[in-house]
1. In the set Gly77, Gly99, which member is at pLDDT below 90, out of contact with any Cys (no Cβ under 8 Å at 6 or more places or on another chain) and either open to solvent by less than 40 Å² (accessible area, probe 1.4 Å) or more than 23 Å from Ala4 (Cα to Cα) (or both)?
2. Can we say Arg35 is of a type in the set (Lys, Arg), part of a helix (DSSP H, G or I) and more than 22 Å from Gly99 (Cα to Cα)?
3. Filter segment 32-45 down to the residues that are open to solvent by 10 Å² or more (accessible area, probe 1.4 Å), among the aliphatic types (A, V, I, L, M) and over 14 Å from Trp15 (Cβ atoms) and list them by number.
4. Of these, Val48, Val54, which one is part of a strand (DSSP E or B), farther than 12 Å from Leu111 by Cβ, open to solvent by less than 30 Å² (accessible area, probe 1.4 Å) and at pLDDT below 95?
5. (1) more than 15 Å from Trp15 (Cβ to Cβ); (2) at pLDDT 95 or above; (3) small (Gly, Ala, Ser): which one isn't true of Ser92, the others all being true?
6. Quick check on this structure: which one of Asp50, Asp25 is over 16 Å from Ser78 (Cβ atoms) and charged (D, E, K, R)?
7. Return the residues of segment 57-70 that are touching a residue at least 12 places away in the same chain (Cβ under 8 Å), part of a helix (DSSP H, G or I) and surrounded by fewer than 19 Cβ atoms within 10 Å (Cβ to Cβ); say none if nothing qualifies.
Amino acid sequence: MVVAFKVTGGEQGGWVVLHVSGELDLVTSPGLRQRVHDEVADGRHSLVLDLSDVRFCDSSGVGVLISARRLLRSCQGSLRLVLPAAGAVEGSHVNRVFGALGVRRLFDVHLCLEDALVDDTEPLSA
């Protein structure tokens, strides 16, 4: 079974929301990296990456997320991630990978898109 990788999105409440679906791996992660770079190059520095439909994420996918965080911080922007506790299938694979690598604390993580778009919500603790 081939899982299609897609990045779709648009602006919502002052944020650019990119919905990522499929597998975020060595083959597909450059597509997400390019999309984030394009948004920043267009002057959009407030991004929400909705990873609710990501079924698999490897270290290259995590690397792209860390690079996106670094890029946005360098231009005084903001990056928020949507990572529901129960993701696309039976629990979020990205949450498990983040936990295994100890990188969750690096990100502003929210359980749902609605929370990520509200400026006064607190991110989940590490």
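1. On the way: Gly77 fails: at pLDDT below 90.
Exactly one residue qualifies, and that residue is Gly99.
2. Values: of a type in the set (Lys, Arg): yes; part of a helix (DSSP H, G or I): yes; more than 22 Å from Gly99 (Cα to Cα): yes.
Yes, satisfied.
3. Let us first name the residues in segment 32-45 that are open to solvent by 10 Å² or more (accessible area, probe 1.4 Å), namely 33-35, 37-45.
From the residues that got through so far, the ones that are among the aliphatic types (A, V, I, L, M) too are 40-41.
Hit for segment 32-45 is Ala41, nothing else.
4. Values: Val48 fails: at pLDDT below 95.
One residue alone meets the criteria, Val54.
5. (2)
6. On the way: Asp50 fails: over 16 Å from Ser78 (Cβ atoms).
Exactly one of Asp50, Asp25 is over 16 Å from Ser78 (Cβ atoms) and charged (D, E, K, R), namely Asp25.
7. Looking only at segment 57-70, we keep the residues that are touching a residue at least 12 places away in the same chain (Cβ under 8 Å), and these are 57-69.
Then keep just the ones that are part of a helix (DSSP H, G or I); that gives 59-69.
Passing the criteria: Ser59, Ser60, Gly63, Ile66, Ser67.
The values are calculated or read from the model by the stated rules, or taken from the named source; none is laboratory data. As the structure is a prediction and not an experimental result, all values here were calculated from the model. All Cβ positions, even for glycine, are placed from backbone atoms using ideal geometry, and neighbour counts span all protein chains on display. When the accessible area is computed, the model is the full protein with side chains, heavy atoms only, and any ligands, DNA or RNA have been set aside. Shrake-Rupley method; radii C 1.70, N 1.55, O 1.52, S 1.80 Å.
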